[in-house]
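To keep things clear, I will list the structure first and then write my remarks on it.
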Amino acid sequence: EAAVTQSPRSKVAVTGGKVTLSCHQTNNHDYMYWYRQDTGHGLRLIHYSYVADSTEKGDIPDGYKASRPSQENFSLILELASLSQTAVYFCASSDGGNYAEQFFGPGTRLTVL
Amino acid sequence: QQKVQQSPESLTVSEGAMASLNCTFSDGTSNNFRWYRQHSAKGLEVLVSIFSDGEKEEGRFTAHLNRANLHVSLHIREPQPSDSAVYLCAVGYGSSGNKLIFGIGTLLSVKP
């Protein structure tokens, strides 16, 4: 019944490899977001999207790409994974209204070795 | 850009005692403030959303917002051991206020 799901839940990747994190929502929301959470930092916005086939840069987009092929799906792509991208990644969705509440997925723990 | 800081970093309270958490921000023009709870290895659960100065209560959770003082707090009435978690303050920004800046969080431990 979870409205925002993420896959995989955890992943170990090698430096320089390509990593794709996936997010799926059943909330019928227009907006979707990708955040990363690191020790010593709050969640930081990487990319977001307000409509299918369009993505926007957040506060820390360098080293990441995003893809929104449909309203329900939003992917985060690390073309060349680096050690500094080891973190927990959260996806969220919200409707398009002002101050709309964001609903978060359970997170993906990514370790880059 | 908006900066969000939370205090204390960690807090231990006894079951049934009031727990108070603080959050300060640098830009008082935002109208979107939220408190989330994060249990270990799980996603975020929104507790209270507040959009204007004053108080907002959701069950045992009450938020107080004072934008002039750049401060929003969360008070947890009668905390239980199951409330032990990290509590995150988030402040909205952007034209629709939907992008969020988060604090690092306060780790709350509730002892029986």
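Quick notes on this structure:
- Residues in the stretch A:15-36 reached by a label modelled at B:Phe51 [backbone nitrogen below 18 Å; 7 Å Cα→Cβ]: A:30-31
- Rg over Rh [alpha-carbon atoms, Kirkwood Rh] for chain B: 0.96
- Seen from B:Leu44, the other residues with C-beta closer than 10 Å to its C-beta sum to a net charge of +2, counting Lys and Arg as +1 and Asp and Glu as -1.
- Placing +1 on the Cβ of every Lys and Arg and -1 on the Cβ of every Asp and Glu, with nothing else charged, gives the protein assembly as shown a dipole about its Cα centre of roughly 540 debye.
- With each label modelled as a point 7 angstrom along the Cα→C-beta vector, the A:Val51-B:Ser109 pair spans 5.1 nm.
- Student exercise, the stretch A:45-113 dipole from Lys, Arg, Asp, Glu Cβ charges, in Debye to nearest 20: 220 debye
- For chain A, the pair-distance distribution built from all alpha carbon pairs, in bins 5 Å wide starting at 0, is 2, 13, 24, 26, 19, 10, 4, 1, 0 percent.
- Calculated log₁₀ intensity ratio I(q)/I(0) where the Debye formula runs over C-alpha points of the stretch B:1-49, q = 0.13, 0.28 Å⁻¹: -0.42, -1.25
- As a proxy for reagent exposure, ranking B:Ile104, A:Ile77 by other Cβ atoms within 10 Å from fewest up yields A:Ile77, B:Ile104.
- Förster radius 30 Å - calculated FRET efficiency between A:Asp95 and B:Glu78 (Cβ-Cβ, nearest 0.05): 0.35
- Long-range tail of P(r) for the stretch B:41-107 (Cα pairs > 14 Å, %): 64 percent
- Interchain or long-range residues, amide H under 5 Å from B:Ser109's placed H: B:Leu11, B:Thr12, B:Val13
Each value in this text was obtained by applying a stated rule to the coordinates, not by laboratory testing. For clarity, every value in this text was computed on a predicted model and none was experimentally measured. Glycine also receives a Cβ, built like all others from the backbone with ideal geometry; neighbour counts cover every protein chain displayed.
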